[in-house]
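See below for the structure under consideration.
The values are calculated or read from the model by the stated rules, or taken from the named source; none is laboratory data. Keep in mind it's a predicted model, so treat the numbers as computed, not measured. Don't worry about glycine lacking a Cβ; one is built from the backbone with ideal geometry, like all the others, and counts go over all protein chains shown.
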């Protein structure tokens, strides 16, 4: 059986400093880049919240959410993904953009979240591979290990409607939509 070679695909930064810049990434099994229209909706929801924010992008994939947040003025983005190709590609994109406001780690998201950060995050993006039971444990680890500011915003993508998932009790569903088979939601954390 002939093995298929990974194909390069492209993503486009929608707005901000690098608006309309295009970057290639290698398609991999389970990789679902957040589509332009979903990113546009998400960043409209986050209007006024991105500039100067500390962001955490777990399960980075194509890096679209990291690049969009940085383009729109995020102060710093910590990004992680297990794939060496993803990490290498994303580091190359940041070098091309001459951007030093991001840290990219080749690491399992749950391993990263196992111990507390040096400083909590105001905005978190969680878009794990589907059907691997990663979303709920990731949300729990964020809450239990001090990764979030008191009023953090958490963006999730899932194959299941948000109300059917178990999220920390102090996270309140702020917005949600569905695009094809993907539910995307924005959660607002409150202390307590």
Any chance residue 136 is more than 25 Å from residue 71 (Cα to Cα), without any contact (Cβ under 8 Å) to a residue 40 or more places away in the chain and surrounded by 15 or more Cβ atoms within 10 Å (Cβ to Cβ): yes
Test for residue 38: is it closer than 21 Å to residue 113 by Cβ and in contact with a strand residue (DSSP E or B) (Cβ under 7 Å, 6 or more places away or on another chain): no
Elements of type strands (runs of 3 or more DSSP E) contained in segment 1-64, each with 2 or more residues being modelled with pLDDT of 85 or more: 54-58
Residue within segment 160-179 that is surrounded by fewer than 13 Cβ atoms within 10 Å (Cβ to Cβ), touching a strand residue (DSSP E or B) at 6+ places or on another chain (Cβ under 9 Å), part of a strand (DSSP E or B) and free of Cβ contacts under 8 Å to residues at least 24 places away in the same chain present: yes
Segment 113-128 - residue that is within 12 Å of the chain's Cα centre (by Cα) and modelled with pLDDT under 95 and, of those, nearest to residue 77 (Cα to Cα): 127
Condition broken by residue 139, with the remaining ones in (1) over 16 Å from the mean Cα position of the chain (by Cα); (2) not in a strand (DSSP E or B) satisfied: (1)
